[in-house]
């Protein structure tokens, strides 16, 4: 019985089908079995009667009574009663919950694995920062959310590829090359002042962080003065050195980004280059594809109300018929000067992912990209002929605080909080857990004091402490019981009839919801639900631990009572397994002990 909710739902559907023969599948699909808000009302509730009443041509309450009567014959259900306008509340036989323990021990960390996504290929693209500077706190939340989401989808049975899109084309990387070139000129002893250099280059000096100093020095070591003019100033003929400097700088920045991501525990499966894609002709190819499908025309867009977007021009442009696919306006793909828009590049990139046979494309984006979502959905529908689904997960901004005051932690990056500094301050596990302990689209404050506190207010510590306590109990048990009796296989055979206290039952109920939590979180694309579940599970375990201080019968190790001890050790081992399983999804390392 790996998913108790699915098992009970099947029992409910059997009762419904007996009462309503020939129930249409689309109605049956709406039947749910959920936990009750108040345990006093039972363990689970179903909406079956309310969903099926119209098809049965019966009042919901009357159909609920019929369903309840049928369910009472199920040995797994101790009570079934009608509530409200037609809900059926269910109280399960206690043995059903106890049976969860051997199921967990038998499956190990695979307990909770779902088949929801079986046969579905998903590409999760996240971070995808411009390689123009070190990773900072603005990238961190999307990196953690995207990575945990990919792990969650894999646990739910999806075939997942994690991807990083390198935005290495366009004006920003050209500006980066100019900034790196300035650091190169400094390294070879240029007589130019920074002000003179900034005045001499297109757009001025946009990237001035100290992180470019080592790159300038490396360019000087590799090329000497060959990239500079005759007086060690800006070389004439920009193209003679720009490509060299740009390629060198992008490579150096991507090495640093990969290192920062590794420190965060993020390891993309694929890195895709925007510049390589553009050079391959993919943008022109996808525009030609849309033209062939009659989805391209030349026109002038109406001026938008409010803030004018960058891609609006009061003159003819090459436009994509995005309104055919649900967008509110058509979108420019080429400007009046013939150059492609960023959106055209994005369509080509997503078309490349479509060509790799993904069924679902998920982009994890900053909340400021919310306006991008409708146009990208339209584009994916158009180029895939509705065979591929596009989704976006939006991540709100994170503010770093200490003592309630904003903090600037960076020693190297300039005006923002560098990811590496944050990791050095509080550690990878605390960063990841804290980032996931709030819904992605809600703004959050990352409290440095809380992230290192050893209290319940620090969710990372609270959950890690529960796992460490579980492991401590199992190590202590080895002092009095043979190791062969403490394996998962042996504990799975232990009778559990003495696990009858309310605290036992609360913990068992929570463990039983793990498979359903995984499935629901994956379907909703909400990895924060895993963090919430683990926090609640840790709370149930800590409560049972504390109860044992006052009631010796609830202690995990009981002198002279080997059967009672083994039963409690089975519960402890099962709890540790589920905590580890959840932490793996979050990318957080389960600790064996805490000092």
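Starting from residues that are part of a loop (DSSP other than H, G, I, E, B) and modelled with pLDDT of 90 or more, keep the ones in the stretch 272-315 and report whichever is farthest from the chain's Cα centre (by Cα). Even if it seems obvious, please write down each step before you answer.
So the first thing to find is which residues in the stretch 272-315 are part of a loop (DSSP other than H, G, I, E, B), and the list is 280-281, 293-295, 300-315.
When the remaining residues are screened for being modelled with pLDDT of 90 or more, the result is 280-281, 293-295.
On the way: 280: 31, 281: 32, 293: 35, 294: 37, 295: 34 Å.
Within the stretch 272-315, the match that is farthest from the chain's Cα centre (by Cα) is 294.
I'm told residue 205 meets every condition in (1) touching a residue at least 12 places away in the same chain (Cβ under 8 Å); (2) closer than 30 Å to residue 339 by Cβ; (3) in a helix (DSSP H, G or I) except one. Can you identify the failing condition by its number?
Among (1) touching a residue at least 12 places away in the same chain (Cβ under 8 Å); (2) closer than 30 Å to residue 339 by Cβ; (3) in a helix (DSSP H, G or I), residue 205 violates only (3).
Restricting attention to the stretch 18-53, report how many residues are surrounded by fewer than 14 Cβ atoms within 10 Å (Cβ to Cβ) and either assigned to a loop (DSSP other than H, G, I, E, B) or at pLDDT 90 or above (or both).
Here is the first cut: in the stretch 18-53, the ones surrounded by fewer than 14 Cβ atoms within 10 Å (Cβ to Cβ) are 18, 21-22, 24-26, 29-30, 37-40.
Going one step further and asking which of them are either assigned to a loop (DSSP other than H, G, I, E, B) or at pLDDT 90 or above (or both), we end up with 18, 21-22, 24-26, 29-30, 37-38.
The number of residues fulfilling the criteria is 10.
Can you say whether residue 318 is at pLDDT below 95 and in a strand (DSSP E or B), as far as the supplied structure shows?
Numbers: at pLDDT below 95: yes; in a strand (DSSP E or B): yes.
It is true that residue 318 is at pLDDT below 95 and in a strand (DSSP E or B).
Rundown of residues vs (1) free of Cβ contacts under 8 Å to residues at least 24 places away in the same chain; (2) touching a helix residue (DSSP H, G or I) at 6+ places or on another chain (Cβ under 6 Å); (3) closer than 30 Å to residue 161 by Cα, yes/no style:
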residue: 10; (1), (2), (3): yes, no, no
residue: 25; (1), (2), (3): yes, no, no
residue: 74; (1), (2), (3): no, yes, no
residue: 80; (1), (2), (3): yes, yes, no
residue: 93; (1), (2), (3): yes, no, no
residue: 99; (1), (2), (3): no, no, no
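Is it the case that some residue within the stretch 581-593 is in a helix (DSSP H, G or I) and over 15 Å from the mean Cα position of the chain (by Cα)?
Of the residues in the stretch 581-593, the ones in a helix (DSSP H, G or I) are 581-586.
Filter once more, so that each one left must be over 15 Å from the mean Cα position of the chain (by Cα): 581.
Yes, the stretch 581-593 contains at least one residue that is in a helix (DSSP H, G or I) and over 15 Å from the mean Cα position of the chain (by Cα).
Look at residue 543 and say whether it is surrounded by fewer than 15 Cβ atoms within 10 Å (Cβ to Cβ) and either touching a residue at least 24 places away in the same chain (Cβ under 8 Å) or farther than 23 Å from residue 435 by Cβ (or both).
Working: surrounded by fewer than 15 Cβ atoms within 10 Å (Cβ to Cβ): yes; either touching a residue at least 24 places away in the same chain (Cβ under 8 Å) or farther than 23 Å from residue 435 by Cβ (or both): yes.
Answer is yes for this residue.
Just need a number here: residues in the stretch 106-130 that are crowded, with 20+ Cβ neighbours inside 10 Å, touching a helix residue (DSSP H, G or I) at 6+ places or on another chain (Cβ under 8 Å) and within 30 Å of residue 169 (Cα to Cα).
Of the residues in the stretch 106-130, 7 are crowded, with 20+ Cβ neighbours inside 10 Å, touching a helix residue (DSSP H, G or I) at 6+ places or on another chain (Cβ under 8 Å) and within 30 Å of residue 169 (Cα to Cα).
Could you please find all residues in the stretch 82-103 being more than 31 Å from the chain's Cα centre (by Cα) and part of a helix (DSSP H, G or I)?
Within the stretch 82-103, 94, 95, 96, 98 qualify.
I'd like to verify a number: residues in the stretch 355-398 that are within 22 Å of residue 334 (Cα to Cα) and in contact with a helix residue (DSSP H, G or I) (Cβ under 6 Å, 6 or more places away or on another chain), how many?
8
Got at least one residue in the stretch 371-385 being outside any loop (DSSP other than H, G, I, E, B) and either modelled with pLDDT under 95 or assigned by TED's automatic domain parsing to the domain that holds residue 212 (or both)? Spell out the reasoning first.
Residues of the stretch 371-385 that are outside any loop (DSSP other than H, G, I, E, B), as a first pass: 372-384.
Next, only the ones that are either modelled with pLDDT under 95 or assigned by TED's automatic domain parsing to the domain that holds residue 212 (or both) stay: 372.
Yes - at least one qualifying residue is present in the stretch 371-385.
Restricting attention to the stretch 224-250, which residues are surrounded by 13 or more Cβ atoms within 10 Å (Cβ to Cβ) and under 30 Å from residue 138 (Cα atoms)?
242, 244, 245, 246, 247, 248, 249, 250
The values are calculated or read from the model by the stated rules, or taken from the named source; none is laboratory data. The model shown is predicted, which means the values in this text are computed figures rather than measured ones. Using ideal geometry, Cβ is built from the backbone for each residue, glycine included, and neighbour counts are taken over all protein chains shown.
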